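Any read-out appearing in this document is the output of simple, stated calculations on the displayed coordinates, not a laboratory observation. Note that the structure is a prediction, hence the values are computed from the model and not measured. As a convention, Cβ positions derive from the backbone with ideal geometry for all residues, glycine included, and neighbour counts pool all protein chains shown.
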Amino acid sequence: MGPVRESFIFEFLYCHLSLEASCSSVRIINIAFIPESLSWISFSLTAFFWIFVFVNAALVGVLALIWGERRLIGKFQARLGPNRWGPLGLFTPVADAIKVMFKEDIEPTLSDKLIYVLAPILMVVPVFMIFPIIPYGAKTFLTNISVGVVFVLAITSINSLSVLMAGWASGNRFAIIGGIRAVAMLLSYEIPMGISAAGVVIVAGSLSLSGVVDSQVIPNAIFQPLGFITFLIASTAELNRSPFDITEAESELVAGYMTDYSSMKFGLFYLGEFMATIASSAIIVTFYFSGWRGPSFIPSEIWFLAKWIGVIAIFIWFRATFPRLRIDQIMSLAWKGLFELSLINVLVLALMIAIWPDPTGMQLLLMTAINWIVFLASVYIFGKILSPNLTGNKIKKRSVIYGLD
């Protein structure tokens, strides 16, 4: 079967288990004991080990994010944040997890039992599938699939199904309405997010995540700012984070699709949303911040981690700063703003790549300048179109015309 040659972390462990002759140059310590004829055992053990590592790393990452978000929002809002359980409140997420586990698990009488149980599982499990394909370093990834961009977009869209299942299975009219409204928002923002990702693919000429990283001589966040902004905003909406968190806001339809969930079922939704934030931040780093690339005197994994934390901090900043939007404002932003902006970005990129298929350094700078001009002009024009003042003036004029003033 042989090791996965492109992935160092997989190959390293595999070669320390298997006696395969081609692994001799990889081994640091000769402790291999599984014959080459049973290489499938080496492969299975290696896969199981790394799955175990990735799953538990994701869970620990969620605990760290919950603590970090509370502390950072505390700083934004001039308050302490968690500071009771453990030093600097480090054990607060652990206390929350224990509390959720021991809460009473109440299941509605009119619920569809099977779908009611599957919905929170479907929220969590797909997110785990994103982490193994992210290139955290030059060779630090578990697998490199040739259609990584499509895979990521497909996996991130599954949460819409989970939300709809949760709302429908509860047998509660508030949960059903909240679930349907949430799905309408999620589907609306998946479209500009997918189109923005198409701009990344056009520039990279590859659907592989490693290919996307390698193609970024200039980070895409600088090279195509319009695509970056549309993708970032659409990702925020897909994550149900402020200012798009109407799906479970206390003042909006009780708690939306999660109204009838308690104990660990509720905890799984909570876990899935925070884990999705971590995964989406890793995707944004890969798509728009050159992934692990950086000056060689610092390990590539450290560069990726620093960028990763920076993008997560942006999501936290959004939550601490922007007020919650109404559903009409959210849908208007998706269909009258981000959808058109993402199309403009892809059109401009396609034209420039057609003119300069293999751009030099000066041509890349020229393309970047053109993208920034398009970005500033587009944001100004669509800002005017979506401006509340402009809409208010139109309403006032109509009131005068029709004698309603």
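Structure notes:
- Structure-based [θ]222 nm, the chain - -39500 (n - 2.57) summed over DSSP H runs of at least 4, per residue, nearest 500: -21500 deg cm²/dmol
- Inter-label distance for residue 313 and residue 38, nm, one decimal - labels placed 7 Å from Cα along Cα-to-Cβ: 5.0
- Put in line by how crowded their Cβ is, counting other Cβ atoms within 10 Å and starting with the fewest, 214, 328 read 328, 214.
- Karplus-derived 3J(HN,Hα), 6.51/-1.76/1.60, for each residue of the stretch 349-363, Hz, glycine and proline x: 4, 4, 5, 5, 5, 5, 7, 10, x, 10, x, 7, x, 5, 5
- Selected from 203, 100, 53 as most flexible by GNM, with the chain as the system and alpha-carbon contacts under 10 Å: 53
- HN-Hα J in Hz across the stretch 184-199 - Karplus 6.51, -1.76, 1.60, θ = phi - 60°, x for Gly and Pro: 4, 5, 4, 5, 5, 8, 5, 5, x, 5, x, 5, 5, 5, 4, x
- GNM result for the chain, Cα springs below 10 Å: residue of 159, 144, 220 fluctuating most strongly: 144
- Counting only Cβ charges, +1 for Lys and Arg and -1 for Asp and Glu, the dipole size of the chain around its Cα centre is about 1200 debye.
- Highest mobility in the GNM of the chain, judged by mean-square fluctuation with C-alpha springs under 10 Å and restricted to 311, 152, 217, is found for 217.
- If you count Lys pairs in the chain whose Cα atoms are under 26 Å apart, skipping same-chain pairs closer than 8 places in sequence, the total is 15.
- Counted charge near residue 76, where neighbours are those whose Cβ lies closer than 12 Å (Asp, Glu -1; Lys, Arg +1): +4
- Angstrom value of the Kirkwood radius, inverse mean 1/r, which spans all Cα pairs in the chain: 23.5
- Neighbour-limited loop hits for chymotrypsin sites (Phe, Trp or Tyr not before Pro), the stretch 21-62 (at most 16 other Cβ within 10 Å; DSSP other than H, G, I, E, B): 33
- Here the extension length gained between residue 150 and residue 335 equals 64.4 nm, from 0.36 nm per residue of separation less the Cα-Cα distance.
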